[in-house]
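Peer 1: The structure that follows is given in the form of structure tokens.
The values are calculated or read from the model by the stated rules, or taken from the named source; none is laboratory data. Since this is a predicted model, take the numbers as computed values, not measurements. So basically every Cβ, Gly included, is an ideal-geometry build from the backbone, and we count neighbours across all protein chains shown. The accessibility values were calculated without ligands, DNA or RNA, using every heavy atom of the protein model including side chains. Shrake-Rupley method; radii C 1.70, N 1.55, O 1.52, S 1.80 Å.
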Amino acid sequence: MLFDTPAKENPIDRAREVGQPRPRIDGPLKVSGTARYAYEQRDVVENMAYGYPLGAAIAKGRVRAIDTAAAEAAPGVIGVLTTLDVPRHALGPMNTAMLFGGDRVEHYHQAIAVVVAESFEEARAATALLDVDYAPEPGCFDLERVAREIVGQPFCEDDALVGDFDDAFLAAPVQLDVTYRTPDQSHSMMEPHATLAAWEGDELTVWTSNQMIAWGVRDLAAALDLPRDKVRLVSPFIGGGFGGKLFVRSDVVAASLAARKVGRPVKLALPRPLIANNTTHRPATVQRLRFGATEDGKFTAFGHESTSGNLPDGGPETATQQSQFLYAAPNRLVGERLGVLDLPEGNAMRAPGEASGMMALEAAVDEMAEKLGLDPIEFRILNDTQVVPGKDTPFSQRHLADCLRLGADRFGWGERASLPARRREGRSWIGIGVAAAYRNNLLMKSGARARLQEGGGVEIETDMTDIGTGSYTIIAQTAAEMMGVPLARVTVRLGDSRYPVSAGSGGQFGGNSSTSGVYAACVALRTRIAERLGADPETAVFEEGEVRWGNSAVSLVEAASGGEIVAEDSITFKGLGEKYRQSTFGAHFVEVAVDAATAEIRVRRMLAVCSAGRILNPVTARSQVIGAMTMGVGSALMEELAVDKTRGFFANHDLAGYEVPVHADIPRQDVIFLDETDPISSPMKAKGVGELGLCGVAAAVANAVYNATGIRVRDFPITLDKLLPHMPPF
Amino acid sequence: MPSDFETIPRETGAADGAPPRSEVSLTINGRDWSGVIDNRVTLLDLLREEIGLTGSKKGCDHGQCGACTVIVNGRRVNACLSFAVMHQGDAVTTIEGVGRPDALDPLQAAFVAHDGYQCGYCTPGQICSAKAVLEEIAAGVPSHVTRDLEAPIATTAEEIRERMSGNICRCGAYANILAAISEVAEGAR
């Protein structure tokens, strides 16, 4: 199905299932511990052995030799595979660093060996006996140094330059010129990357934890130099990803190679302390924001430059992405610079670009509002735009101002003291902050297979994944709506490369795209069923378990009595993405209390107002948003991978050192979804929401901290040490 | 913890150079289990790898995340921080012993009703922890936020948040987990 014109009325608009607050259909499996994640696949193979990886202890250089004798002689050891045993392999288009193979070490904790043994304990113990001879080389691990070196160099892309920024900025009566810093961050999903790899002849099956099944097959086949049809990838349950499992990682390649070497299935999980440096992270940024405005608060010059670093051939953190779209200004300088760092690979983490970009932008906008003496909400609305600045492309929908106004009303924005450090309760300074939320709405081709089973049940197969987002449930709701059956009559099978290729989970495109693919498959199935019954597919109505047309009605059970009916289709998006800018909008509100003596920051309440098209399931969508708000609190107040600039690695590489929010950090959270549909986006008229919930949260916290204390911290995260020297008198 | 030396497991004669193994007997979800295991096997890996009860999760293997929380003799522990051979004679309850998909415990049902999870990986640990938390409060065990050590402890949001803070949920379902636990706590009153 080609989607190239805005959606008309369709069966989804009945909204009997889609849009209803259904509990997750996979919920009972998850709460009873019976959902099987990658490392827990026990019955699928026999004679499985345990693998344990070794990470490089240098950040850059060469492995000269690895003495494996002691490890090979250790109890229970079946075999040892080192990076010197296999050549460098082909990398997928999204990977930067080598996963397993060759003598080059490109980053700390790069996987350089795997020991296979009869037990986990034996494999782990023997790994410690490997004796590695390194030839280290100096590297660059300091983003500040890189940023100084490449300041003023051309941007990676220059398509967001409009008018004459320099002249307009100089001429502006009100100016702001500030630099913000965001740190390296770790996905820190709860389930470590894990793979069980099994060969049957030249065919490989991996049970792994991966967000993008088809990309995984493509990249694993390339890495092992296999035809794609010899690789099967299975990921029915995924213990969190946040972008860290978008691409094949070392666990998949190492387990596959090791299994081939020892001639037995091998399962391997990345030990938690390896994950921060072995896998990917959100790169740190240095962001300079320069705003020029008229006295009455209209932007005349808008400058947002971001610098990040990555391994050679890696990409920039696209932290200025939203700055092309969020506020009007006739003169614009927006772009990113990229330097070379020898730290682990920087890559996508939840809302790549916008998450760190909005941290800086929306705090700087707050600073500008104060400079102008304007209310931060009114200032944002004053500079709102209904077209892409400088391009005049309309947004499919844009309700940013509505989100801000509704949120202000619901949150009690009027309680906010317009001057900082004015509101005191007991020993706490109280502050309220706001930020706009913005994230682009991406669309991906997505396919599915729909089956009317004998007995009248409906089964959906697609390689879509559910990383906690609720894919199982919204896909079942979509199929139930389209086929006119109760939710309980729908079976959903996900995460297997034997099923049709889907959008996968990432970039907040998964929910809308994958259900659109299911919509297309169900349209095809409806046609097949109607044809079998001799009905007109265009006018036949599927409801209450029946197909109805004219004066006829046939139950689906009867329709399938002659054998199951199967149809497959996919949705392809074309054209509307160029005619319209598709984005999601929102507003985040945060109240904090800052202890007047200790500067301890407690978030007291939070509100998100989201404008994201049809909400397919308000239960799971709300969970996506509160989860993102929680991650935003982490970004604002605690999350930072600490760089050891001498040895070139992230020093706090586990869940004790890399702090993420816990129960006690998270207060009451409210979420409001604007009641809307966006027919330009898809037949589902939905958009993404899982990343929107994160974009702007950290700035709202920062703005609340400023409102409470009068202290503007431009170096995230906002920790106590950065407030203490500047706290207002007790 | 075993209190008398008779409950200390017997180390079996290991072959030269082979890692020591011990015989251990314990009760898991009401069923007796005994076997000879490598002394280095954690309670978590005994459950997951030897016995096949994979409901208890390995998130960090270092006692940092709480995904492996199980209940031993009525108290919650991080199963990854405890060697299996230390549990001679103990009674262990895992998520599989709390309830089944077709016969959920009220707390499990409340997690489903309030969407107290997303990816589900921390969920068994959250639920085992929450079961123990409610019992700790009922038994008058104070926490960092308990103000009056002599009065009965109220099951407030603050108490639940504090006591659950050893169970990380990176998906950020905390507000929903709190709602689920609070509902069960209220029902129990």
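Peer 1: Relative contact order for chain A: what percent, with Cα pairs under 8 Å and sequence separation of 6 or more?
Peer 2: Values: 1953 pairs, mean separation 126.3, N = 730.
Here the relative contact order equals 17 percent.
Peer 1: So, with a 1.4 angstrom probe, what is the percent of accessible area on segment B:106-188 that is carbon and sulfur? It would help to have the intermediate numbers written out before the result.
Peer 2: Values: 1650 of 2990 Å².
Reported share for carbon and sulfur atoms: 55 percent.
Peer 1: Can I ask one more? What's the Cα-based Rg to Rh of segment B:5-98, Rh via Kirkwood?
Peer 2: Numbers: Rg = 12.9 Å, Rh = 13.4 Å.
Checking Rg against Rh, the ratio lands at 0.97.
Peer 1: Right, another one. Using Cα positions and a limit of under 16 Å, work out the lysines in reach of residue A:445, with same-chain residues fewer than 8 apart set aside.
Peer 2: Reachable lysines: A:574, A:685, A:687.
Peer 1: Of A:30/A:60; A:261/B:58; A:245/A:298, which ones are farther than 32 Å apart at the Cα? Walk me through the numbers before you get to the answer.
Peer 2: Working: A:30/A:60 41 Å; A:261/B:58 27 Å; A:245/A:298 42 Å.
Over 32 Å Cα-Cα: A:30/A:60; A:245/A:298.
Peer 1: Further question: Which whole-Hz ³J(HN,Hα) couplings does segment A:246-261 yield from phi under the Karplus relation 6.51 cos²θ - 1.76 cosθ + 1.60, θ = phi - 60°, glycine and proline marked x?
Peer 2: So the Karplus estimates, Gly and Pro as x, are 5, 10, 4, 10, 5, 4, 5, 5, 5, 5, 5, 5, 5, 4, 5, 5 Hz.
Peer 1: Right, here's the next one. For segment A:205-338, just run the numbers: alpha carbon Rg, then divide by 2.2 N^0.38 Å, N being how many residues it has.
Peer 2: Details: Rg = 21.4 Å, N = 134, 2.2 N^0.38 = 14.1 Å.
Against the compact-globule rule of thumb, the ratio is 1.51.
Peer 1: What percent of all Cα-Cα pairs in segment A:158-197 falls in each 10 Å bin, counting up from 0?
Peer 2: 17, 24, 21, 15, 14, 9, 1
Peer 1: Considering only C-alpha atoms, what is the centroid distance from segment B:54-109 to segment A:49-68, in Å?
Peer 2: Each part's Cα centre sits 34 Å from the other's.
Peer 1: Right, something else. Check each residue of segment B:153-182 and keep those whose accessible area, probe 1.4 Å, is at least 40 Å² smaller with all protein chains in place than in the chain alone; give them in order of residue number.
Peer 2: Those are B:161, B:165, B:168, B:170, B:171, B:172, B:174, B:175, B:176, which lose 40 Å² or more relative to the chain on its own.
Peer 1: Here's a follow-up. For the interface of B with A, what's the total buried accessible surface in square angstrom, probe 1.4 angstrom, rounded to the nearest hundred?
Peer 2: Numbers: alone 10470 and 26390 Å², together 32280 Å².
Buried area between the two chains comes out at roughly 4600 Å².
Peer 1: Relative contact order of segment B:106-188, please, whole-number percent, based on alpha carbon pairs below 8 angstrom and at least 6 residues apart. Could the numbers behind the result be given before it?
Peer 2: On the way: 86 pairs, mean separation 40.2, N = 83.
Averaging sequence separation for qualifying contacts and normalising by length gives 48 percent for segment B:106-188.
Peer 1: Averaging sequence separations of C-alpha pairs under 8 Å and six or more residues apart, then dividing by the length of segment A:506-631, give the relative contact order as a whole percent. All intermediate terms of the calculation are to be shown ahead of the outcome.
Peer 2: Values: 105 pairs, mean separation 22.3, N = 126.
Reported as a whole number, the value is 18 percent.
Peer 1: What number, in nm² with one decimal, is the all-direction average of the projected area of the convex hull of the alpha-carbon atoms of segment A:401-530?
Peer 2: Numbers: hull surface 49.4 nm².
Projected area, direction-averaged: 12.4 nm².
Peer 1: Which ³J(HN,Hα) values, rounded to whole Hz and listed in residue order, are derived for segment A:673-680 from phi using the Karplus coefficients 6.51, -1.76 and 1.60 in 6.51 cos²θ - 1.76 cosθ + 1.60 with θ = phi - 60°, glycine and proline given as x?
Peer 2: 9, 5, 7, 7, 9, 10, x, 7
Peer 1: Considering only protein heavy atoms, what per residue accessible area in square angstrom results for the protein assembly as shown with a 1.4 angstrom probe? Write out the running numbers ahead of the final one.
Peer 2: Values: 32280 Å² over 919 residues.
Using a 1.4 Å probe on heavy atoms only, each residue of the protein assembly as shown averages 35 Å².
Peer 1: For a quick check: with amide H placed at 1.01 Å from N, whose amide H comes under 5 Å from residue A:652's, ignoring anything fewer than 5 positions away on the same chain?
Peer 2: A:642
Peer 1: A further question on this structure: So how exposed is residue A:429, as accessible area in Å² (1.4 Å probe, rounded to 10)?
Peer 2: Spelled out: residue A:429, probe radius 1.4 Å, area about 30 Å².
Peer 1: Straight-line reach only, C-alpha to C-alpha below 12 angstrom: list the aspartates and glutamates that residue A:8 could link to, leaving out same-chain residues fewer than 8 apart.
Peer 2: A:678
Peer 1: Taking the full set of protein chains and a 1.4 angstrom probe, give the accessible area of residue A:473 in square angstrom, rounded to the nearest 10.
Peer 2: Its heavy atoms expose roughly 0 Å² to the probe.
Peer 1: At 7 Å along Cα-to-Cβ for each site, give me the label-to-label distance between residue A:313 and residue A:62 in nm.
Peer 2: 1.9 nm
Peer 1: Now for a different question. Please report the equivalent ellipsoid semi-axes of segment B:106-188, computed as sqrt(5 x eigenvalue) of the Cα gyration tensor, largest first, in whole Å.
Peer 2: Numbers: eigenvalues 97, 34, 19 Å².
Working from the Cα gyration tensor, I get semi-axes of 22, 13, 10 Å.
Peer 1: Next up: Can you sort A:399, A:193 by 1.4 Å-probe accessible area, starting with the largest?
Peer 2: Values: A:399 60, A:193 5 Å².
Putting A:399, A:193 in descending order of accessible area: A:399, A:193.
Peer 1: P(r) tail for chain B, what percent of Cα pairs lie past 25 Å?
Peer 2: On the way: 6826 of 17766 pairs.
Roughly 38 percent, once rounded to a whole number.
Peer 1: Of the heavy-atom accessible surface of chain A (probe 1.4 angstrom), what whole percent is carbon and sulfur? Let's see the in-between values first.
Peer 2: Values: 11750 of 24150 Å².
Solvent-exposed carbon and sulfur of chain A make up 49 percent of the total.
Peer 1: Given Cβ point charges of +1 (Lys, Arg) and -1 (Asp, Glu) and nothing else, what value in debye, to the nearest 20, does the dipole of segment B:5-98 about its Cα centre take?
Peer 2: Values: 9 positive and 12 negative charges, 76 e Å.
In total the dipole reaches around 360 debye.
Peer 1: Distance from the Cα centre of segment A:423-480 to that of segment A:548-622, in angstrom?
Peer 2: Segment A:423-480 and segment A:548-622 have Cα centres spaced 5 Å from each other.
Peer 1: Using only the Cα atoms of segment B:86-151, what do you get for the radius of gyration and for Dmax, in Å?
Peer 2: Reported Rg and Dmax, both Å: 14.6, 41.
Peer 1: Each residue of segment A:177-193 in order: what ³J(HN,Hα) in whole Hz does its phi give by Karplus 6.51 cos²θ - 1.76 cosθ + 1.60, θ = phi - 60°, with x for Gly and Pro?
Peer 2: 9, 9, 10, 10, 10, 10, x, 5, 10, 10, 4, 6, 5, 6, 8, x, 4
Peer 1: Here is a follow-up. Based on Cα coordinates alone, diagonalise the gyration tensor for segment A:35-188, multiply each eigenvalue by 5, take square roots, and list the semi-axes in whole Å, largest first. Mind dumping the intermediate values first?
Peer 2: Values: eigenvalues 442, 84, 40 Å².
Semi-axes (√(5λ), whole Å): 47, 20, 14.
Peer 1: How much accessible surface does residue A:39 have with a 1.4 Å probe, in Å² rounded to 10?
Peer 2: Its accessible surface works out to 20 Å², give or take rounding.
Peer 1: Rounded to whole Å and ordered largest first, report the semi-axes of the equivalent ellipsoid of segment A:364-446 derived from its Cα gyration tensor (root of 5λ).
Peer 2: 31, 16, 11
Peer 1: Quick check: pseudo-label points 7 Å beyond the Cα along Cα→Cβ at residue A:296 and residue B:23, how many nm apart are they?
Peer 2: 9.1 nm
Peer 1: Just to confirm the filter: which trypsin sites (Lys or Arg not before Pro) across segment A:598-646 are DSSP coil and have at most 16 other Cβ within 10 angstrom of their Cβ? Can you show the working numbers first?
Peer 2: On the way: sites: A:602, A:604, A:605, A:614, A:622, A:645; in loops: A:645.
Those that pass, being in a loop and sparsely packed, are A:645.
Peer 1: For segment A:447-494, which GluC sites (Glu not before Pro) are both in a DSSP coil and crowded by at most 14 other Cβ atoms within 10 Å?
Peer 2: Numbers: sites: A:454, A:459, A:461, A:481; in loops: A:454.
Those that pass, being in a loop and sparsely packed, are A:454.
Peer 1: Give me Rg/Rg_expected for the protein assembly as shown, where Rg uses Cα atoms only and Rg_expected = 2.2 N^0.38 Å with N residues. Could the numbers behind the result be given before it?
Peer 2: Numbers: Rg = 27.8 Å, N = 919, 2.2 N^0.38 = 29.4 Å.
With N residues counted in the protein assembly as shown, Rg over 2.2 N^0.38 Å equals 0.95.
Peer 1: Okay, next question. Counting only helical runs of four or more DSSP H residues, what would the 222 nm mean residue ellipticity of chain B come to if each run contributes -39,500 (n - 2.57) and the total is spread over all its residues? Each step should come with its number before you reach the end.
Peer 2: Working: 5 runs with 50 residues, N = 189.
Rounded to the nearest 500, it is -8000 deg cm²/dmol.
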